[in-house]
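Have a look at the structure below before the remarks.
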Amino acid sequence: MRHLLSPLDLSTEELDELLDLASDIEHNPDKYKEACKGKKLATLFYEPSTRTRLSFEAAMLNLGGNVLGFSSADSSSVAKGETVSDTIRIISCYADICAMRHYKEGAPLVAASKSSIPVINAGDGGHQHPTQTLTDLMTIRSLKGRFDNLVIGLCGDLKFGRTVHSLINALSRYTGIKFVLISPNELKVPSYIIQDVLEKNNLEYKEVERLDEVIGELDILYMTRVQKERFFNEEDYIRLKDSYILDAEKMSLARPDMLVLHPLPRVNEISIEVDDDERAVYFKQAQYGVYVRMALILTLLEIKVSD
Ligand code: CP
């Protein structure tokens with residue numbers, strides 16, 4: 001039995017297979033519509049979500065399976081003090097696979113250690129968000145055609161943004177990648193990622209504060225929201241929340257083939273006017289999230305669909 005707790009739980013070969021499967025699902029959805037008949041997905045969400053929870057649910061429904069779960073800790077026995085370990089033992093009796101989002105870093109890892117069904121990390125605190133990374137990778141591969149030799153700009157809250165941490169980890173395995181890390185000084189990528197991922201793998205990177213000075217160098221601009229819920233005081237959040245606003249003027253400095261990704265939700269960091277720019281692919285990215293989650297469910301349940 002396998003879990004998905006970090007993007008590195010899949011080798012690059014397995015990742016290629018999963019993205020090939022996701023692409024086949026995108027182009028031949030009917031082939032998969034009964035693949036998970038009789039199977040149940042549990043969504044255990046201790047933190048708010050729109051895309052991740054509902055795209056997991058859509059994914060299982062598209063595969064002919066069923067879903068159950070909770071969308072906030074308050075509506076489950078967590079509110080009475082039940083532990084993650086006990087909860088997953090119970091859910092293992094009710095479902096075949098589960099996706100868990102938790103505000104504590106490492107909670108899905110604890111769940112996996114007690115689980116008799118595959119556990120998928122659907123985001124743990126400011127740590128990792130591996131299925132968002134699968135979504136991001138499918139977007140990049142589908143629209144750029146490769147992972148190698150790309151200049152990737154990551155902009156915004158690089159300290160608390162778990163999608164950024166997972167994406168850096170995943171892309172660190174490809175060649176010719178250069179990261180441009182664009183953030184205020186207080187929201188820089190944590191030093192453990194700089195040391196254990198970027199420097200350990202001899203990856204090229206630079207840290208800058210101004211987006212307009214580097215936007216013209218980028219193949220991909222990955223915008224992120226300042227993560228209000230991870231701040232210890234509101235004053236700091238208010239001071240930093242509008243550090244970056246991508247608008248038409250800044251887009252005019254970018255390459256004609258640069259893609260703008262964002263895990264969403266956005267707050268102010270991308271102006272609405274950018275939505276109509278063909279380089280803005282964040283809504284398409286959310287659609288890819290359904291296909292990769294379908295592929296992930298099939299992979300972890302070891303279900304093969306023949307032509
Ligand atoms: N991208 C993402 O994780 O969105 P949600 O918080 O809505 O799930």
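The values are calculated or read from the model by the stated rules, or taken from the named source; none is laboratory data. The structure presented is a predicted model; accordingly, all values stated were derived computationally and were not measured. Please note: Cβ atoms are built from the backbone with ideal geometry, for glycine as well, and neighbour counts cover all protein chains shown. Please note that ligands, DNA and RNA were not included when accessible areas were found on the heavy atoms of the full protein model with its side chains. Shrake-Rupley method; radii C 1.70, N 1.55, O 1.52, S 1.80 Å.
A few points about this structure:
- Residue among 48, 232, 252 farthest towards the positive dipole end of the chain, charges placed on Cβ: 48
- Taking all protein chains into account, the per residue accessible area for the range 131-285 stands at 44 Å² (1.4 Å probe).
- Summarising the amide proton neighbourhood of residue 129: residues at separation of 5 or more, or on other chains, whose placed amide H is nearer than 5 Å comprise 166.
- Under 5 Å from the amide H of residue 208 lie the amide H atoms of 181, 182, 183, each residue being 5 or more positions distant or on a separate chain, with H modelled from the backbone and absent for Pro and chain starts.
- Cut-off under 5 Å, modelled amide H: who pairs with residue 69 long-range: 43
- For the chain, with +1 on Lys and Arg beta carbons and -1 on Asp and Glu, the positive-most of 287, 72, 176 along the dipole: 72
- Each of residue 105 and residue 174 was given a label point 7 Å from its Cα along the Cα-to-Cβ line. The distance between the two points is 2.6 nm.
- Between residue 233 and residue 206, the contour length at 0.36 nm per residue exceeds the alpha carbon distance by 6.9 nm.
- Dividing the helix sum by the residues of the chain, where each DSSP H run of 4 or more adds -39500 (n - 2.57), gives a mean residue ellipticity at 222 nm of -10000 deg cm²/dmol.
- Dmax and Rg, reported as Rg then Dmax, of the chain (C-alpha, Å): 19.1, 57
- The string of couplings for the range 79-90 from the Karplus curve (6.51, -1.76, 1.60, θ = phi - 60°) is 4, 8, x, 5, 7, 4, 4, 5, 4, 5, 4, 6 Hz, one whole number per residue in order, with x for Gly and Pro.
- Note on the range 131-285: Cα-Cα pairs beyond 26 Å make up 19% of the total pair count.
- Each Lys or Arg adds one and each Asp or Glu subtracts one; over the other residues with Cβ under 12 Å from the Cβ of residue 178, this totals -3.
- In Hz, Karplus ³J(HN,Hα) per residue of the range 241-255 (6.51, -1.76, 1.60; θ = phi - 60°; x = Gly, Pro): 4, 10, 4, 9, 10, 7, 10, 4, 5, 5, 4, 5, 8, 8, 5
- Fraction of accessible area attributable to carbon and sulfur, the chain (%, probe 1.4 Å): 47 percent
- About its Cα centre, the range 131-285 has a charge dipole of approximately 640 debye under the convention of +1 per Lys or Arg Cβ and -1 per Asp or Glu Cβ, with nothing else charged.
- Projected onto planes of every orientation and averaged, the convex hull of the alpha-carbon atoms in the range 20-151 covers 9.0 nm².
- Förster radius 45 Å - calculated FRET efficiency between residue 275 and residue 82, Cβ distance, rounded to 0.05: 0.60
- Whether the range 207-307 is rounded, prolate or oblate, judged on the alpha carbon gyration tensor where a/c under 1.5 counts as rounded: oblate
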